[in-house]
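Report on one structure; see the data block that follows.
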Amino acid sequence: MREFLREIKKYLTPVNTAIMAITIVCFIVQIIADNAVGEEAGTYSFSLAWWLIFEEHQYYRLFTYMFLHASLGHIFNNMLVLGFVGSTAERMLGSFKYAAAYIGSGLVAGLASAVYNRWCFANASEAGGFYTYSLGASGAVFGITGVLLWIVLVNRGRVAGISLRQIVLFMFLSIYAGVTSTGIDNTAHIAGAAFGILSAMILYDRRGGFA
């Protein structure tokens, strides 16, 4: 039993656990608001929407969208991955740097998605109604995966039970699933991963050891 609890504790780093808890609470509140008000008011009020960001200056959406999810399966998948990669990344970076990398990845992913959708759909919006909403933690999660990718590379292939092959395979399969599926925001995924790698290059100190 003690061994089991010790293993569980490895995945309960403070900031990552807090992010997961806040995300789950936000999802519950989102469902309650949608059901109480109707028309998915809780979802649409805080999701990423390029025209509301650039035309109505609702910049808070670049932050709030990453704590919302479209379904139980959506949040389960994101939190499952975050529980695995996030705790490891937090131990490698430290709590403050990890929080900066996660939030920064989410913000950059959201901004990239909004810019891309504006560029693609602004001229076609009147004819085709291409007003898109995006939501979910996957951009930030890809950022943390990018953090681990850099750390594994710096440490020549393996850190804390995570191999370079595992990280690359996960990112490849996730992007492939997005390319071959509808409703997946690949721009956010790629931008989040790129920022995660960049943030790790800046924040990770190999000499600091592994907490």
**Report entry** Scope region 51-74; condition in a helix (DSSP H, G or I) and either over 13 Å from the mean Cα position of the chain (by Cα) or free of Cβ contacts under 8 Å to residues at least 60 places away in the same chain (or both); matching residues
**Finding:** TRP51, LEU52, ILE53, PHE54, ARG61, LEU62, PHE63, THR64, LEU72, GLY73
Report summary line: Residue set LEU153, LEU164; condition more than 28 Å from CYS120 (Cβ to Cβ) and modelled with pLDDT of 80 or more; output residue LEU153
**Report entry** region 46-64, residues that are in contact with a Ser or Thr (Cβ under 9 Å, 6 or more places away or on another chain), modelled with pLDDT under 95 and surrounded by 18 or more Cβ atoms within 10 Å (Cβ to Cβ)
**Finding:** PHE46, SER47, LEU48, ALA49, TRP50
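The values are calculated or read from the model by the stated rules, or taken from the named source; none is laboratory data. Everything numeric in this text was worked out from a predicted model, so none of it was measured. No Cβ is skipped: glycine too gets one built from the backbone with ideal geometry, and neighbour counts run over all protein chains shown.
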